[in-house]
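Notes follow the structure.
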Amino acid sequence: CPLYRISRSKFADLKPKQKEFQADETLDTIQDAVDDALDATAIEYECENAAGVLTLKMPPRGTWVINKQTPNQQIWWSSPLSGPKRFEYEPESGEWFSTKDGLYLGPHLVQELRHVHKQLEEFEIDV
């Protein structure tokens, strides 16, 4: 897939601290967006971001775990709906895309959360 090759070469040009910063910033942005959206609802949830691991629990729907993998320069994802995925950073768009199916991290999480909670139809994440 050409998109994958381009992204890997551009991402490889970033310094290790830049790559880690992108992952940390992404996890922080996701947590802020989830907290902002869900605090305004009656949806039961718990969202924690510690040591590079973001855990989103939404009983009885399940738990999403999104964590940075510094050695691999990826973000890994575990979802009760779609299972595991690995995301690579794409500097051109500033987004993380799945190496498995090409989906983008932010829109994919939005889609899954809207699927389990219809009242989140206005929910967006810009990562």
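The values are calculated or read from the model by the stated rules, or taken from the named source; none is laboratory data. Keep in mind it's a predicted model, so treat the numbers as computed, not measured. Heads up, the Cβs are rebuilt from the backbone with ideal geometry, glycines too, and the neighbour counts pull from every protein chain shown. Just the protein is used for accessible areas: all its heavy atoms, side chains included, with ligands, DNA and RNA removed. Shrake-Rupley method; radii C 1.70, N 1.55, O 1.52, S 1.80 Å.
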Inside the range 74-104, can you point out the residues that are open to solvent by 60 Å² or more (accessible area, probe 1.4 Å) and closer than 15 Å to Leu27 by Cα? Trp76, Arg86, Tyr104
If you take the residues of the range 12-41 that are in a helix (DSSP H, G or I) and of a type in the set (A, V, I, L, M), which of them is modelled with the lowest pLDDT? Ala12
Which residues, taken from the range 42-53, are part of a strand (DSSP E or B) and either touching a Ser or Thr at 6+ places or on another chain (Cβ under 9 Å) or basic (Lys, Arg) (or both)? Glu46, Cys47, Glu48, Asn49
Given the criteria among the small types (Gly, Ala, Ser), part of a strand (DSSP E or B) and closer than 22 Å to Gln22 by Cα, does Ser93 qualify? no
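For the structure I just gave you, tell me whether Glu124 is charged (D, E, K, R) and either assigned to a helix (DSSP H, G or I) or open to solvent by less than 10 Å² (accessible area, probe 1.4 Å) (or both). So that I can check it myself, show each step before the final result.
Numbers: charged (D, E, K, R): yes; either assigned to a helix (DSSP H, G or I) or open to solvent by less than 10 Å² (accessible area, probe 1.4 Å) (or both): no.
It is false that Glu124 is charged (D, E, K, R) and either assigned to a helix (DSSP H, G or I) or open to solvent by less than 10 Å² (accessible area, probe 1.4 Å) (or both).
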Does Lys57 count as assigned to a loop (DSSP other than H, G, I, E, B), touching a strand residue (DSSP E or B) at 6+ places or on another chain (Cβ under 7 Å) and free of Cβ contacts under 8 Å to residues at least 40 places away in the same chain? no
